[in-house]
Amino acid sequence: MSKHNIVKATFALLDDNGDLIKDATNGLSTDGTYVADHSGEGFSQINVSAIEAAGTPGWGNGQIKRTAYGKSMPTLALTALDLDFKINQMLKGFTQNANTGAWVRQLPKPHVAMIAESQSLDGDISIYECFNNIEFVEEASNNSTDTNSEAAYSTSLSGTVLTPLKPNIFLAANGVQQPYMIAKSNDTNFDLGKLMAETFGGYTSSTSGGTTGGATSGATVIAPSHS
């Protein structure tokens, strides 16, 4: 089906075991998640590439007898209208220097989980694209002078989607694990709570929501959009 519009993107940091980091200092908030949807904040593009590639035909007796398919290797390209500065650094794995307060690149990269929500053309159905283990980079920082027009730079993040961290998540019907899930809110057996728990390392919703690490507003719990 066709879809349009970015409703919101929700992020979380997971530990090496694939469990949600619920901490406003070491994670993205006290409940572990961060919804990039505060004042002036949001994404103008969330593009997913290389979910699948065309197969390689296997020939025999002058006919195509089978097709070989490689692994799914999704990549992400995100462009933000604005993104909280601290959250951006933490998604990339930058850490804060105790002496200067500056943020400095550190390896290995953190495990970032993300759900990107879009909607059907009529707006009545939510579509969720889910990733459990992403490594993000910000390849460049561009700066231009203001003239009689403002020269603004949008944050651009590139993500490599890795194998999910727990072996029993993101499973196809045959039990084979994949790095990408997509869900539709009106599908049979759809359960947003279970989807979030699987993607975000055991996340459970709370009525109070989380508080963002360094942001001016609290994170909100995502829910199906019908607008």
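The values are calculated or read from the model by the stated rules, or taken from the named source; none is laboratory data. Remember, it's a predicted structure, so these values are computed and weren't measured experimentally. Glycine also receives a Cβ, built like all others from the backbone with ideal geometry; neighbour counts cover every protein chain displayed. Note: areas computed on protein heavy atoms with side chains; ligands, DNA, RNA excluded. Shrake-Rupley method; radii C 1.70, N 1.55, O 1.52, S 1.80 Å.
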Worksheet item: Using modelled backbone amide H atoms (1.01 Å from N, in-plane), which distant-in-sequence or interchain residues come within less than 5 Å of Trp103's amide H?
Response: Asn97
Item to complete: Starting from the Cα of Lys86, draw a straight line to each of the lysines and keep only those under 24 Å, dropping any in the same chain fewer than 8 residues away.
Response: Lys8, Lys22, Lys109
Discussion item. I'd like the Karplus ³J(HN,Hα) series for segment 77-94: coefficients 6.51, -1.76, 1.60, θ = phi - 60°, whole numbers in Hz, and an x wherever there's a Gly or Pro.
Written reply: 10, 10, 10, 9, 4, 7, 9, 3, 4, 5, 4, 4, 5, 5, 4, 7, x, 6
Practice prompt. Evaluate the Debye formula for the chain with equal point scatterers sitting on the alpha carbons, no solvent, and hand back log10 of I(q)/I(0) at q = 0.16, 0.18 Å⁻¹, in q order, two decimals.
Written response: -1.17, -1.44
Discussion item. Give me the three principal axis extents of segment 61-133 from the C-alpha atoms, as integers in angstrom, largest value leading.
Written reply: 70, 40, 18
Worksheet item: By a straight-distance test (C-alpha under 21 Å), which lysines pair with Lys3 as possible cross-link partners, with residues fewer than eight away in the same chain excluded?
Response: Lys184
Discussion item. If R₀ is 45 angstrom, what is the calculated FRET efficiency for the pair Asp146 and Gln63, using the beta carbon separation as r and rounding to 0.05?
Written reply: 0.10
Fill in: Cα-only Debye scattering, segment 1-128: base-10 log of I(q)/I(0) at q = 0.11, 0.13, 0.15, 0.19 Å⁻¹
-0.55, -0.70, -0.85, -1.16
Response to the item:
Share of accessible surface on carbon and sulfur in the chain, whole %, 1.4 Å probe and ligands ignored, is 48 percent
Practice prompt. Could you check which residue among Tyr69, Tyr180, Tyr34 shows the biggest mean-square fluctuation in a GNM of the chain with a 10 Å Cα cutoff?
Written response: Tyr69
